[in-house]
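Heads up, the thing below is written out as structure tokens.
The values are calculated or read from the model by the stated rules, or taken from the named source; none is laboratory data. What you see is a predicted model; the values in this text were computed from it and never measured. Neighbour counts are summed over all protein chains in view; Cβ atoms, including those assigned to glycine, are modelled from backbone coordinates with ideal geometry. Remember, those area values only see protein heavy atoms, side chains included, never the ligands or the DNA or RNA. Shrake-Rupley method; radii C 1.70, N 1.55, O 1.52, S 1.80 Å.
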Amino acid sequence: MEQGGLALLRAWESFYVIVGPSAAVLIGLQFVVIVLSAEINTIGNDEVLGAFGTPTIVHLCIVLLVSAIMTAPWSGLAGVAIAFDACGIVGLGYTAMVIRRARRQTSYAPVLEDWIWHCWLPLLAYAVLLVASLILPSSPVPALFVISAMMVLLLFIGIHNAWDSVIYIVARRRTEYLKEHE
């Protein structure tokens, strides 16, 4: 099964070569958004950034990391499973920290959409990664499909949250502009 599992990893390589760089590009764009928002002083305070800005970068970095793990020249699936175990555990712990930050910050009142996209969907993605990593050695085909779905989910979370940040910054800046020019 080990050789068959390694052949499956190679079969998924094109998927990860596409998804990983997509995450990297989005990371770069998020940096541009943060820099531009800092220049016009609309990003909010460190509490808001820690709860809603930084996690977007972390989730996209996990997509990039999982892509790197999947395209590395492994000698067996056990090492891949251990790497994904670590990613899932770290992701769950980080998301729990983000949820605490979102609850503690007082500068912005999150709505249901914020809780879903910034907290609950990432929590689901990392839990799914952890479960998939546990079944990877014994059931590589379903595990690889689950891991790829998790990657796409985290990529969509990153896209949504980056877009949400841009819209928030633009709306806030527009409000400030209108106040200044009344």
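Quick check on packing: order 169-177, 54-62 by the mean number of other C-beta atoms within 10 Å, highest mean leading.
54-62, 169-177
At 27 Å minimum axial length over the Cα atoms and a Kyte-Doolittle cut of 1.6, report the qualifying DSSP H helices in the chain, or say none.
The answer, listed by residue number, is 13-39.
Per the helix-only calculation at 222 nm, which mean residue ellipticity applies to the chain, given -39500 (n - 2.57) for every DSSP H run of n ≥ 4 and division by its residues, nearest 500 deg cm²/dmol?
-27000 deg cm²/dmol
Carbon-plus-sulfur fraction of the accessible area of the chain, 1.4 Å probe, in percent?
Carbon plus sulfur share of accessible area: 70 percent.
Express the accessible area of the stretch 88-182 per residue in Å², computed with a 1.4 Å probe while the remaining protein chains stay in the model.
I get 56 Å² per residue for the stretch 88-182.
Using a/c under 1.5 as the rounded threshold, could you call the stretch 82-182 rounded, prolate or oblate? The axes a ≥ b ≥ c are square roots of the C-alpha gyration tensor eigenvalues, and prolate needs a/b larger than b/c, oblate otherwise.
Prolate, since a/c reaches 1.5 and a/b exceeds b/c.
GNM, the chain, Cα, under 10 Å: largest mean-square fluctuation among 72, 24, 11?
With Cα springs under 10 Å in the chain, the top fluctuation among 72, 24, 11 is at 11.
Explain nothing, just the number: dipole magnitude of the chain about its Cα centre with +1 on each Lys and Arg Cβ and -1 on each Asp and Glu Cβ, in debye rounded to the nearest 20.
Charge dipole, the chain, about its Cα centre: 160 debye, nearest 20.
I'd like to compare 80-86, 102-108: which one has the highest average count of other Cβ atoms within 10 Å, and what's the full order after that?
80-86, 102-108
Send over the semi-axes of the chain's equivalent ellipsoid, whole angstrom and largest first, taken as the square roots of 5 times the C-alpha gyration tensor eigenvalues.
Each semi-axis is √(5λ); the values are 36, 16, 11 Å.
Given the options 117, 57, 73, identify the residue whose Cα lies farthest towards the positive end of the charge dipole of the chain (+1 on Cβ of Lys, Arg; -1 on Cβ of Asp, Glu).
Going by the charge dipole, the pick is 117.
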